[in-house]
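FYI, it's all coordinate maths here, none of it is from the lab. Just so it is clear, the structure is predicted and the values come from calculations on it, not from any experiment. In this analysis, Cβ positions are derived from the backbone assuming ideal geometry, glycine residues included, and neighbour counts consider all displayed protein chains.
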Amino acid sequence: MDRVLAYKFRIYPDAKRQSEIESQLVLAKEFYNLLLEKSMDSYKEGHGSVSMASLNAFAKGIEKDTKYLQLYSQVRCEIKYRLLKAYQNFFRRVRERQAGKKVRAGFPRFKSADRYRSLTYPQDNGAFSIETERKTDMLRVSRIGRMKIDLHRELWGKIKTMTIKREGKYYYAIFTTATETFPPKIEDTNTVGIDIGLHNFIALSDGTTVQKPKFFKKRAKRIAKWQRTIARRRKGSKRRQAARYKLQREWARVTNQSNDFMHKLSNELVHGSYTSFAVEALNIQNMERDHRLAQSIQNASWNSFVQMLSYKAENAGMEVIKVDARDTTRTCSNCGNIMEMPLSAREYICDRCGAQIGRDVNSAINVRERARAGHARSHARGDTNLYGARGAASCVKEPRTYPGSNSGGSLGL
């Protein structure tokens, strides 16, 4: 199995190299917008849907203006693939809407300077290389030049692509590599259900709960301050741009703190005693339509956490199973009874069997049982869900079955 990894390194272009990157980004943005404009005109004239062949034909006409030849040829190819993928995603969402799924179609949009921030070199064919000069690592990029790069970790595997990305006033080089790996084979003896929420970031079916620090709430006043400052300053002014950099830095800090927390938490889960993970298949776009919860849901970064957990579990030879999220909160994990559960209720007290258990833990147990049942039945009762007077769930943890495993985790985040 090929394991694909991404490595992100800070680069330090001097004034000339920075000017080259910015001019390349402007050309790439214009090239993308011209391709989109020509494809829209072609469709209106009745020439059929967009394909790579049609985009290649449009690109030949655009490239008659020689300024676009300043873009490296492979970068121009990647821009065409980027637009084609945007169209494919649009038509896929249209089909989903026609099938009754509540999604936004989202036609491809023209890009502004703020929305086009990266140049991708899709092949390691000599367009870029890492060199050492006087004990300093340098990144050489065709049509841009040489610049210092901070290689804070070693690159593993064969380099497949390289992307130069601007984030605020900083620049990064992102490499993707492919390495052939052989994950261990693990016998699935201890599936854990995971309920993702807002009160508890995650609740596990064994009764463990983890809360996520309020990273956004701690920086909210500073973010609001810079948003007000930007609104007051004249568009296009240097002072407005400086304030935008300040705002971007505040958001970057919140994002980095959140990602660091989720990486550590997913690592601890994968290196614990569990052998597979069951999570809910949530439609987060629909959930964000509730304006009272939209910001909290976005800050929770549920999708990012599930993605981190999925690739780490796959590399460890484990599986992440997604199950139907319908009624996992409203269903009693002990008897299968379904009852109403308002958001304010934090305890599930069953009006049929009298079981009392935390709302999120109850949902996590239901998620685990649905995964064990292979989606064949919705309200499978597990043989370990025995409740005492206070409703505490008991669950037997089993160690992994491959040599050298880590036999426990504390989730002490």
Lys/Arg Cβ at +1, Asp/Glu Cβ at -1, dipole of region 119-199 taken about the Cα centre: which of L139, G157, I196 is farthest positive-ward? L139
Simple Cβ-charge dipole of the chain, Lys/Arg +1 and Asp/Glu -1, about Cα centre, in debye nearest 20: 2660
In region 283-384, what GluC sites (Glu not before Pro) fall in a loop by DSSP, with at most 13 other Cβ atoms inside 10 Å? E340
For region 191-372, what is the charge dipole size about the Cα centre, in debye to the nearest 20, if Lys and Arg each add +1 at the Cβ and Asp and Glu each add -1 at the Cβ? 2400
Restricting attention to region 193-223, which trypsin sites (Lys or Arg not before Pro) occupy a DSSP loop and are surrounded by at most 15 other Cβ atoms within 10 Å? K214
Using the structure shown, list the pairs from K16/K148; K85/K214; K38/K169 with a Cα-Cα distance above 25 Å, or answer none. K85/K214; K38/K169
Given 37 °C and 0.692 mPa s, compute D for the chain with the Stokes-Einstein relation, Rh being the Kirkwood radius over Cα pairs; round to the nearest whole µm²/s. 131
Dipole axis of region 2-180 (+1 Lys, Arg; -1 Asp, Glu on Cβ), positive-most option in S51, L119, S19: S51
Filter the GluC sites (Glu not before Pro) in region 148-236 down to the DSSP loop ones having no more than 12 other Cβ atoms within 10 Å, then list what survives. E154, E187
Residue-averaged [θ]222 nm for the chain, counting only DSSP H segments that reach four residues, each worth -39500 (n - 2.57): -13000 deg cm²/dmol
At 0.36 nm per residue, minus the direct Cα-Cα distance, what do A6 and R228 gain on full extension? Give it in nm, one decimal, please. 76.4 nm
Under DSSP loop assignment and at most 16 Cβ neighbours within 10 Å, longest chymotrypsin sites (Phe, Trp or Tyr not before Pro)-free interval of the chain: 157-413
